[in-house]
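The values are calculated or read from the model by the stated rules, or taken from the named source; none is laboratory data. Since we're looking at a predicted model, the values are computed, not measured. Cβ coordinates were reconstructed from backbone atoms using ideal geometry, including for glycine residues, and neighbour counts include every protein chain displayed. Only protein heavy atoms, including side chains, enter the accessible area calculation; ligands, DNA and RNA are left aside. Shrake-Rupley method; radii C 1.70, N 1.55, O 1.52, S 1.80 Å.
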Amino acid sequence: MAERIVKLPDVGEGIAEAELVEWHVKVGDIIREDDLLAAVMTDKATVEIPAPVDGEVTWIGAEIGDTVAIGSALVKLKVTGEAGGVDAPAEDSAPADAEASEHAPASAPVPVVPPAKPPTADEPPRAMTVPRPTKALAATAAPAPALPRRAPGERPLASPAVRLKAREAGIDLRQLAGTGPAGRILHEDLDAFLLRGPEAERKPGLSEKTGVSEIKVVGLRRKIAEKMALAKARIPHITIVEEVDVSALEDLRAVLNKKPTPERPKLTLLPFLMRAMVKALAEQPNLNALYDDEAGIVRQHAGIHLGIATQTPGGLMVPVVKHAEARDIFGCALELNRIAERARQGTATRDELTGSTITITSLGAMGGIATTPVINHPEVAIVGVNKMMVRPVWDGTTFVPRKMMNLSSSFDHRVVDGWDAAVFVQRLKELLENPATLFIDV
């Protein structure tokens, strides 16, 4: 009988610590070599840590949300019949209580297989899985296993990669029975479920539900929370909501979209808004700025770098269209499509996710009548797009149906006066209601 200590491996050049974001095992689990033990997140990537050998988990050294130093003990495994195994000295055996667990094992570390390709400095957080053997899918779907027996509110065990795949396929992992250690859901389980199709939908009963789920805020979600809290704590927001008649813009957009080409893709409303903002900011450069409130300096930028708030499977990201002032409407559309897709796929570089000077946020058809966008600190303005609706509008003689949309724009009231904010919003309204002017470069 031998004990193997699994330590946090080197997960990238220059990285000294990582945040533990997910456990795939618990004390008492029997695991096999290459089964996932845990997932950690650095500023650059999410990395999954595999088991180096078969064994039983006897101790785990951190909780979700803890920051773990490279080389610190993560897990202790009891290994049976391992040739040349590392036997832990008696004083370094798994601690029986939390206080003893603070002492690190004294035995030499056993190498852990690192990620196949460490993230570079230019890559944003994304899931990286250490290569493991895979099983070929059967030609026909296997019989559906019984649903796992889990305590009320218990979260199914699965790796970030499996969760992402399930989310993209619209699958609730609580419907699956996992065949991995402790009922963990594997890629093979998800593939088999997709082959046989979901079981008949069960109608919910009217019984009372008393379960409470505690979800720790970690990883990218915690970073988003910290950024939003910083913005609301430091920036006194003023929000202006203005109604815009986009009937003419929609008519023009329909004509331009009749014959799309690779160089002239189909246009959404956003490229028109991007060009309108370029023109309006040329007249009010004080809004295309970053406010260093600690130094008391406003830095106005000549180049207009438009951040585009984008929902991704991992959370909200803001890829950036650099130098929008040098792009026409179709150029804006092409670059917008490119960076938004890279953000959703988790392949955007750090440069593509930083450097914005003003931001656009849009919920599309899901947007409400009005919103109160939170400024992307340290910027001083953000423009929010609300959903478009056909509403009756009085033309002086009668009511006529018009396509109307509200813009909700927020400003940092420390450096942007209400008058300047209103002038900017009215200029956007004028340009969008007369879309032909967006094609005139003056």
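So the values come out like this:
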{"item": "Members of the range 293-318 that are open to solvent by 40 Å² or more (accessible area, probe 1.4 Å) and at pLDDT 95 or above", "result": "ILE297, VAL298, ARG299, GLN300, HIS301, ALA302"}
{"item": "Residue that is modelled with pLDDT under 85, assigned to a loop (DSSP other than H, G, I, E, B) and not charged (D, E, K, R), where the choices are ALA182, ALA161, ALA200", "result": "ALA200"}
{"item": "Among (1) open to solvent by 40 Å² or more (accessible area, probe 1.4 Å); (2) free of Cβ contacts under 8 Å to residues at least 40 places away in the same chain, the one test that ILE382 misses", "result": "(1)"}
{"item": "So THR371, is it in contact with a Gly (Cβ under 7 Å, 6 or more places away or on another chain), open to solvent by 10 Å² or more (accessible area, probe 1.4 Å) and either among the polar types (S, T, N, Q) or over 15 Å from GLU243 (Cβ atoms) (or both)", "result": "yes"}
{"item": "Residue among VAL321, VAL278 that is surrounded by 15 or more Cβ atoms within 10 Å (Cβ to Cβ) and closer than 16 Å to VAL380 by Cα", "result": "VAL278"}
{"item": "Residue check, VAL241 of a type in the set (Val, Ile, Thr) and either more than 30 Å from GLY331 (Cβ to Cβ) or exposed (fewer than 12 other Cβ atoms within 10 Å of the Cβ) (or both)", "result": "no"}
{"item": "Residue ID - farthest from LYS223 (Cα to Cα), chosen from residues in the range 65-89 that are modelled with pLDDT under 75 and among the acidic types (Asp, Glu)", "result": "GLU82"}
{"item": "Residue list for the range 231-266, filter: outside any helix (DSSP H, G or I) and under 29 Å from TRP394 (Cα atoms)", "result": "THR239, ILE240, VAL241, GLU242, GLU243, VAL244, ASP245, VAL246"}
{"item": "Residue match in the range 349-360 (condition: at pLDDT below 95 and among the β-branched types (Val, Ile, Thr))", "result": "yes"}
{"item": "Residue ranges of strands (runs of 3 or more DSSP E) in the range 1-65 with at least 1 members closer than 9 Å to VAL75 by Cα and of a type outside the set (S, T, N, Q)", "result": "2-7, 36-41, 55-60"}
{"item": "GLY396 open to solvent by 10 Å² or more (accessible area, probe 1.4 Å) and under 28 Å from the mean Cα position of the chain (by Cα)", "result": "no"}
{"item": "Subset of the range 291-328 that is more than 24 Å from the chain's Cα centre (by Cα) and in a strand (DSSP E or B) - its residue that is farthest from LEU230 (Cα to Cα)", "result": "GLN300"}
{"item": "Count of residues meeting criterion [surrounded by 13 or more Cβ atoms within 10 Å (Cβ to Cβ) and within 27 Å of the chain's Cα centre (by Cα)] in the range 16-33", "result": "9"}
{"item": "Leading residue by the ranking (least open to solvent (accessible area, probe 1.4 Å)) among those in the range 159-170 that are in contact with a Leu (Cβ under 7 Å, 6 or more places away or on another chain) and within 12 Å of LEU194 (Cα to Cα)", "result": "ALA166"}
{"item": "Complete set of residues in the range 36-59 that are open to solvent by 30 Å² or more (accessible area, probe 1.4 Å), modelled with pLDDT of 85 or more and either charged (D, E, K, R) or in contact with a Phe, Trp or Tyr (Cβ under 7 Å, 6 or more places away or on another chain) (or both)", "result": "ASP54, GLU56"}
{"item": "Which listed residue is touching a residue at least 24 places away in the same chain (Cβ under 8 Å) and closer than 30 Å to LEU220 by Cβ, from LEU432, LEU363", "result": "LEU363"}
{"item": "Pair list, Cβ < 6 Å and 6+ apart or interchain, from the range 63-74 residues that are over 13 Å from VAL11 (Cβ atoms) to residues that are aliphatic (A, V, I, L, M) and open to solvent by 40 Å² or more (accessible area, probe 1.4 Å)", "result": "ALA73/ALA104"}
